[in-house]
1. Which pairs do you get when a residue that is at positive phi, found in region 198-215, comes within reach of a residue that is polar (S, T, N, Q) and outside any helix (DSSP H, G or I), reach meaning Cβ atoms under 7 angstrom, with the pair 6+ apart or on two chains?
2. In region 177-214, which residues are in contact with a helix residue (DSSP H, G or I) (Cβ under 6 Å, 6 or more places away or on another chain) and over 18 Å from P150 (Cα atoms)?
3. Need the failing condition index for T717 against (1) touching a Gly at 6+ places or on another chain (Cβ under 7 Å); (2) farther than 20 Å from G756 by Cβ; (3) of a type in the set (V, I, T), just the number.
4. Looking at S7, is it surrounded by 16 or more Cβ atoms within 10 Å (Cβ to Cβ), out of contact with any Leu (no Cβ under 8 Å at 6 or more places or on another chain) and either at pLDDT below 75 or part of a helix (DSSP H, G or I) (or both)?
5. If I filter region 521-538 for residues that are touching a residue at least 24 places away in the same chain (Cβ under 8 Å), out of contact with any strand residue (DSSP E or B) (no Cβ under 7 Å at 6 or more places or on another chain) and farther than 17 Å from A769 by Cα, do I get at least one hit?
6. State the number of residues belonging to region 565-584 that are outside any strand (DSSP E or B), closer than 23 Å to V779 by Cβ and touching a strand residue (DSSP E or B) at 6+ places or on another chain (Cβ under 8 Å).
7. Looking only at residues that are in contact with a strand residue (DSSP E or B) (Cβ under 7 Å, 6 or more places away or on another chain) and part of a loop (DSSP other than H, G, I, E, B) in region 585-602, which one is surrounded by the fewest Cβ atoms within 10 Å (Cβ to Cβ)?
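The values are calculated or read from the model by the stated rules, or taken from the named source; none is laboratory data. Just so you know, these numbers come straight off a predicted model, no measurement behind them. Cβ sites come from the backbone with ideal geometry, for glycine too, and all protein chains shown count toward neighbours.
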Amino acid sequence: MTGSTGSTGSAGSAGSTGVDRQLDLRLCPAAGLAWAVTVIGIQWGWRAAGGAALVLLVVAAAALRPGRARCVPVVAAALLGAGFAVAIGCHAYAVQHHPLAGRAGEVVRVSIVLTDDPRLLPGAGFGSPRVLVRARLVSVAQGGEVMRAPGAVTVLAPAREWVELLPGQQAEVRGTLLQPRRPDLTVATIGVDDPVQLVGEPPWWQRAAGSVRADFAAAAQQAVPGDRAALLPGLVIGDTSRIPAEVRAAFVAAGLSHLTAVSGANVSILVGAVLLLVRLATLGPRAGAAIAALALIAFVVLARPSPSVLRAALMGAVGLLALVTGRRRQALPALATAVIALLAIQPALAVDAGFALSVLATAGLIVLAPGWARRLVEAGWPRGLAEATGIAGAAFVVTTPVVVGLAGTVNPLSILANLLVAPVVAPVTVIGAAAAALSAVWLPAGVFLARFTGPMLWWLLEVADRVAAVPASALTPPGGAVAAGVVVLVGLYLCRWRSVRRSLTAGLIGAASVLLPVQCGNPYWPPPGWALIACDVGQGDGVVLAAGDAGAVVVDAGPEPGPIRACLDRLGVHRIALVILTHLHADHIGGLAGVLRGRSVGAVAVSPAPAPASALRSVRATVTGQQVRLVELPVGRTFTVGSIRLQVLGPLLPAPRDSADADAAANDRSVVLGVGTTAGRILLAGDAEQAAQQALLRSAAPLRADVLKVPHHGSRTSSSEFFAAVRPRVALISVGADNQFGHPDSTVVEELTRLGAVVRRTDRGGDIAVVGGDVPTVVTRRAGGDSALPAATRRIGE
């Protein structure tokens, strides 16, 4: 069952033989079936896996009829798939009947071994930062006995104790059992708040890798400034722990996030560079293979020998085989064999997005890229540019369905972004790896070498920022992933004809020529005369007030830097007179760095009320790092900023007696602001709950307002008396889509509607603007970059 790729990929590289122009596809059905039945078993359980095994056995039996010798590959693939179905069924059964299964809410004490680095969770919560830790369960303490109970678990724990732990570290923890976050053979998720008890030391190779990574991070900090220093370890060894959230968001939006994940591309670039040096040194093939193998082992140790890194090393080696030898015929069976072997060893990889991206990218490198590069060379392109374009185009095409399924969006200029950064990715990876090795031996040498990556890192960040600013097309997963896959397949089929290729190229050029100037000019957003913008920052608050010649006033910054920064960029806000943080919960202060970075900011103001110590330290560190003043905003103060007048109405409740209660009382200690604007009076209530609202009502504070930023994301913690006193014409709810808290509450929305308010939500309308004038209006900027259209027109202030 040997086939050709057709016109899109039938030709090999310049050095390929005629035999290599045909791809050996015989192992591909077996790998595909193994993958498919493993997904079925993980997603739908052991019964579904058993059913799949029976179906495949029937298919194998039918194909074994006399006279069907040519169906031997079908029989082999079906039998292999049936074997995988039985294996995954056993795994799924073990997970379903594990001692920890079905015990959500119980408190347990377990012994675990970390299998990957702790990952800092986005600041969408209300307390201290937390990390997600993947681990292998060793034992469970139950009824005074210790019971061995192997299985995979996920731990949600405080970052302060866990973020520095290494893979291979054994620990004992006490926590609450939660339902697994997703079906991936994880037996339970454990929420941990108690201190962790470490047992022994991690393996020496993990300690060595951690030491080298720390030295490399230190060298990067000394060699290049700011975001570049955080990005360099991410590009070279996948260490993304220091990359700011706004940079991560920009890379995701621009379709460049694969660059900061350890993948087969890292391995191919590094080992390819080693082989080139070996060839220049005129060493023999055995010596070259040995040196390349040593380099590969060193990279695995440097990037941490976690499952994802081992997978990337294997995939990268397969891709390198195709590039170096030009024998794509042998490379595709090698890739299929790697898929089968990895799924047999680690079945959970079947539902791992990184695994899918690695396999697809390697397949694109083998099947599509060489043929596309050859055709471009025949069309007169320089060979280097042709190869870079072929690789970038193939990677974009084959990974787009998975990316769309994960993110729900696809940026039309992602392929352009990959083409623009392609020339610098390899040099950054090679120079960075050499700098990492040198920094472990002598730090100044590593610093010196890392400085050469500075201009290339700047270019990567610029491309990511510019392309991320272009609106992405919103697609709902999983339907969006299926739609994207269909579009890719149809597009590849249609591109067999030259006329279609020319029309598609002209269309892409035309779209780029329109999208880029439109985005740079930004004629649709913000609407002229806007007085207030409620930014779509997810599950949090971020409000911008237009202050005329003084610039803007920003009230709260959302949970992460990326969304609020993007909102301010869309508004063209470069000068901020004042940033007001209503209270120091993560969903209001997590994005502060995104507000401050790259803008002129007068001061950051907080309430003089007691605040959680860790949150206050975080704010002070961010403000100090950006050289901005931190000031207090006392209750009762009235002041003017440009064209608006602000009055601090709250908080009015007394401070907690114990500073330890400051976090729990933070909502009711929110700063409450009354603001006079061209669109009428606006009341910004932070997260004030019923106790704080009652205190405001008792004080006879001027609560009547035309526009209300609904307290606490529309939760049920507001009182009817408060809404009746405000009687807003417009109610804005800043809330994250599909949030776990159930915000906003339907009864709150209904009550505001009964009062005659126009209710608008950021989870449905994106950024929301209140526009002043003779007839003030509410305008929404729909997700996906649609032009701003009036969502409601209501005279405000009647």
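1. From residues that are at positive phi, the pairs are G200/Q170.
2. Matches in region 177-214: V196, W205, A209, V212.
3. Every listed condition holds for T717 apart from (1).
4. no
5. no
6. Count: 6.
7. Here the answer is G602.
For every residue, the table says whether it meets (1) assigned by TED's automatic domain parsing to the domain that holds P150; (2) surrounded by 19 or more Cβ atoms within 10 Å (Cβ to Cβ); (3) closer than 27 Å to A353 by Cα.
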residue: V163; (1), (2), (3): yes, no, yes
residue: Q169; (1), (2), (3): yes, yes, yes
residue: R174; (1), (2), (3): yes, no, no
residue: L178; (1), (2), (3): yes, no, yes
residue: T189; (1), (2), (3): yes, yes, yes
residue: D194; (1), (2), (3): yes, no, no
residue: D215; (1), (2), (3): no, yes, no
